[in-house]
Structure formats: C-alpha cells, structure tokens
Amino acid sequence: MSINKNLLFCGGFFFVVLYSLFVMRPFRSAVAAQIGTSDLTFFLLLVVLVMLIANGIYSLLVSKIKESKIVLFIYGFFVTNLFLYALFNYVFPNNYWVGASFYVWYNVFNFFVVSVFWARAVNCFNTDDAKKYFGVVSACGSAGAWVGSQSVYLFLSDSPMTAMLLASGALMVGIFFSSRLITEKSSPAVTEPVAAFLPQFTEQIEQIKANPLIQQMLFYAFVWTCLATALYFFGLEIISAYTDDVVVQREVFALADSIVTPVSFLIQLFVAGFVLRSGWLGVRFVLVSYGVLFGAAFLMISGYLSDVFLSGTGVLIFLVISAVMRPFEYALNKPARESVYTTLKKEEKYKSTVFIDTFMNRFGDASGGLLFNGLVLLGVSIAAAPLAILPLAGYLVFLGARVVNEEKRIGEI
C-alpha cells in the first residue's frame with residue numbers, strides 16, 4: 001500500500017473519531033456547566049483515578065493482543081458503552097447521576113480514542129512524512145468535528161440518545177479504516193510480552209523512566225492541560241453567568257465548536273505542514289508559542305472580568321479565545337507533539353505515549369481545576385486569578401524548548 005492510501009485511510013479514520021467526540025461534546029460541556037466549577041474538580045480527580053486504573057489494564061491488554069486488534073478491542077469496548085448510555089438516557093432522561101457519570105466517562109473516552117488513533121497513526125508514517133501529512137490528517141479530523149458540532153447545533157441539542165447512537169456508528173467505521181492501514185516498515189517491532197502480570201501492568205511507567213524525551217513530553221503535557229483546564233473553568237464561569245438554561249448552554253458550546261473546527265481545518269490543510277517543516281519555525285516554534293498564547297488568553301480573561309478592557313459580552317470573549325486556543329492545539333501543537341512521538345520505539349508509541357495522552361493529561365486537568373478553585377479559596381479575586389496563573393504559562397515556554405532540545409540530543413547519539 002502506498003503512503004497516499006495510508007493517508008486516505010488515516011484521514012478517514014480521524015474524521016469519524018472526531019465526529020464521535022464532537023457530536024457528544026456539547027452534552028458533556030453542558031453537564032460540566034450544570035455541575036459548576038466548585039464541584040467539577042472532584043469529578044476531574046475521579047477521572048484521574050479511573051485513568052490510572054484504565055492505563056494499567058490497557059498496558060496489559062496491549063501486551064497480550066496483536067497490534068492489528070488493538071483498535072478493535074478498545075473501540076469495541078466504547079461502542080458497547082455508548083449503547084448503554086443511549087439506553088440510560090432513554091430510561092432516565094435528565095437524571096443528574098447519569099449526566100455526572102457520563103461526564104467522567106466522556107473524559108476517559110475522549111482521550112483514549114484519540115490517543116489510540118494517534119498511536120496507530122504514528123506507526124504508519126516516518127518522521128518526515130509525519131511533518132508533511134499530519135496536518136492533513138488533522139484537517140480530516142476537524143472536518144469530522146465540524147460535522148459533529150453542527151449536527152448538535154442544528155438538530156440534536158435536545159436528543160443526547162441519538163447523538164450517542166451516531167457516535168457509536170462512527171467508531172465502528174473507524175475500526176474498519178484502522179484495519180486498512182499498513183504499519184511503516186522501518187518501525188521497530190513490538191517486543192515480546194513479558195510473562196509476569198505486574199511488569200505488563202506497569203510497563204508504561206518503566207518506559208517513561210528509561211527515556212528522557214518521554215519524560216520531557218510528560219511534563220509538557222501536564223502543564224499545558226493544567227493551563228487549558230484553568231482556562232476552561234473561567235469559560236464555564238462566563239457561560240454560567242450568561243444563562244442557566246441547559247439547552248442554550250449546549251447551543252453556545254456547539255456554536256464554539258462550529259467556529260473552531262473550520263478555523264482548525266484551514267490551518268491544518270494549508271499552514272501546518274509548512275510550519276512543521278520550516279527551518280526557521282518548525283516544531284520548536286509551535287511548542288514554545290503555546291505558552292505565549294496561554295498568557296495572552298489569561299490576560300484577556302482578566303481584562304474582561306475586571307472591566308478594564310474587553311468588557312463586552314462574555315460569550316464573545318469565550319468564542320474568541322476558543323477560536324484561537326483550540327485551533328492552535330488541534331492544528332499545530334498536537335501534530336507537532338505527534339511528530340516528536342514518531343522517533344520513539346513502537347512499544348513506546350502504544351504504551352508510554354498513550355499514558356501521557358490519557359492519564360497525564362487528565363491529571364493536568366484535575367490540577368488545573370485545583371489551581372482555579374485554590375486561588376478562589378485563597379481569596380484571590382476572579383479578575384486577578386488569571387494573572388496569578390501567568391508564571392505557569394511562562395514555564396510552558398521553557399518546557400517546549402526543552403522537548404525539542406532533548407529530541408535533537410537523542411537524534412545525535
């Protein structure tokens with residue numbers, strides 16, 4: 001199979017994966033707004049615990065089954081879950097605990113289906129092709145995300161059961177596309193699984209301890225997700241102040257998604273490949289710039305909340321920040337990180353990178369929630385709290401430079 005066919009199936013695969021996520025995302029966001037930022041941190045901590053257990057089971061599973069079956073097993077599990085949640089929403093509509101459990105489940109589902117997709121994808125492209133094609137692959141995902149969010153915005157804001165059934169169908173299509181991908185021949189083979197249960201269960205941790213590049217990526221993932229969740233909490237405060245009508249909240253979140261995805265698509269299709277392969281921009285520029293953008297976003301939030309500047313409608317501020325931060329993540333930062341992952345061994349791609357993209361990202365989420373609520377409990381005003389987070393954004397700039405330096409150091413060995 002030629003690389004172009006790999007690109008075609010990989011793009012189709014990511015389209016249906018992000019469709020499945022975004023056709024349910026507004027429902028997840030509306031549940032979060034209903035829970036409220038003061039209680040949401042508890043649920044994020046619960047997600048961290050679930051992620052820790054799930055990663056151990058995942059590591060064990062990957063050691064026991066063939067590479068070609070990994071997507072089938074993981075996605076098949078989530079398809080079954082979606083059918084169950086569709087049933088629960090039919091039998092218990094608007095039930096608080098069904099919604100709260102769905103919030104926890106969605107956060108696990110979100111990161112696992114995406115990280116397993118990328119683990120499959122990075123094994124089908126070498127580093128040069130990754131920089132060339134991952135922007136296009138990401139654009140296909142953005143197209144799927146746009147279709148999903150538009151479906152909710154136009155037709156499904158009051159029908160979570162239908163959204164869940166559509167998402168399950170999309171994942172089944174994703175299983176088919178995954179089966180058509182061919183692994184890059186130069187990728188090192190997966191090592192034979194060890195016999196003992198405990199080493200299989202903890203192998204992700206051992207890989208992280210043994211590889212300095214993975215360690216740097218772990219710290220980077222923790223900090224950016226911590227910043228992103230703190231920013232998300234400020235956004236929830238803005239939307240909750242705007243309206244407490246759950247259907248209107250779903251529509252606002254779906255509107256944000258419908259703006260974000262076309263912007264992401266255009267950047268992924270026409271800009272990402274140029275930036276990542278550029279000699280004077282490249283991966284370093286992308287990883288470092290993320291911290292700068294977070295700093296600018298927190299300044300905007302502080303300016304709005306303090307009525308110093310940008311004192312117009314809060315929904316507009318929410319939409320503007322979403323239209324900048326999320327496309328940067330989807331279109332540039334994520335492909336940049338994945339291009340770094342292509343330099344790893346195959347077993348590291350399937351295990352330690354998935355650990356980072358699931359557990360560490362969720363741990364960063366919980367920490368971001370704790371940071372937000374901690375500042376509030378310490379008596380920091382809601383307008384000054386974003387300014388207190390600025391040093392962490394500066395630290396992300398430093399970490400981005402360290403990741404690229406470590407990648408170059410390893411490449412020279």
Exercise. Output the qualifying pairs, or none if there are none: Cβ atoms under 6 angstrom, residues six or more apart or on different chains, first residue in the stretch 4-32 and in contact (Cβ under 8 Å) with a residue 24 or more places away in the chain, second residue of a type in the set (Lys, Arg).
Key: PHE9/ARG180; PRO26/ARG250; ALA30/ARG250
Self-check item: Failed item, numbered, when PHE176 is tested on (1) assigned to a helix (DSSP H, G or I); (2) of a type in the set (Phe, Trp, Tyr); (3) touching a helix residue (DSSP H, G or I) at 6+ places or on another chain (Cβ under 7 Å)
Solution: (3)
Self-check item: Some residue of the stretch 59-68 being basic (Lys, Arg) and in contact (Cβ under 8 Å) with a residue 12 or more places away in the chain
Solution: yes
Self-check item: Residues satisfying the stated conditions in the stretch 76-109, i.e. of a type in the set (S, T, N, Q) and either within 24 Å of the chain's Cα centre (by Cα) or modelled with pLDDT of 85 or more (or both)
Solution: THR80, ASN81, SER101, ASN107
Quiz item: Which members of the stretch 343-384 meet the condition of being within 19 Å of ILE53 (Cβ to Cβ) and either modelled with pLDDT of 85 or more or hydrophobic (A, V, I, L, M, F, W, C) (or both)?
Solution: VAL354, PHE355, ILE356, PHE359, MET360, PHE363, GLY364, ALA366, SER367
Quiz item: Among LEU236, LEU231, which is the only one that is closer than 17 Å to SER367 by Cα, modelled with pLDDT of 85 or more and assigned to a helix (DSSP H, G or I)?
Solution: LEU231
Quiz item: Would it be correct to say that PHE134 is within 14 Å of CYS10 (Cα to Cα), crowded, with 17+ Cβ neighbours inside 10 Å and at pLDDT 85 or above?
Solution: no
Self-check item: In the stretch 231-259, residue surrounded by the fewest Cβ atoms within 10 Å (Cβ to Cβ) [restricted to those that are of a type outside the set (Gly, Ala, Ser) and more than 14 Å from PRO26 (Cα to Cα)]
Solution: ASP244
Exercise. Evaluate the stretch 215-227: report whether one residue or more is modelled with pLDDT under 80, farther than 30 Å from ALA384 by Cβ and out of contact with any Pro (no Cβ under 8 Å at 6 or more places or on another chain).
Key: no
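The values are calculated or read from the model by the stated rules, or taken from the named source; none is laboratory data. Note that this is a predicted model, so its numbers are computed, not measured. Using ideal geometry, Cβ is built from the backbone for each residue, glycine included, and neighbour counts are taken over all protein chains shown.
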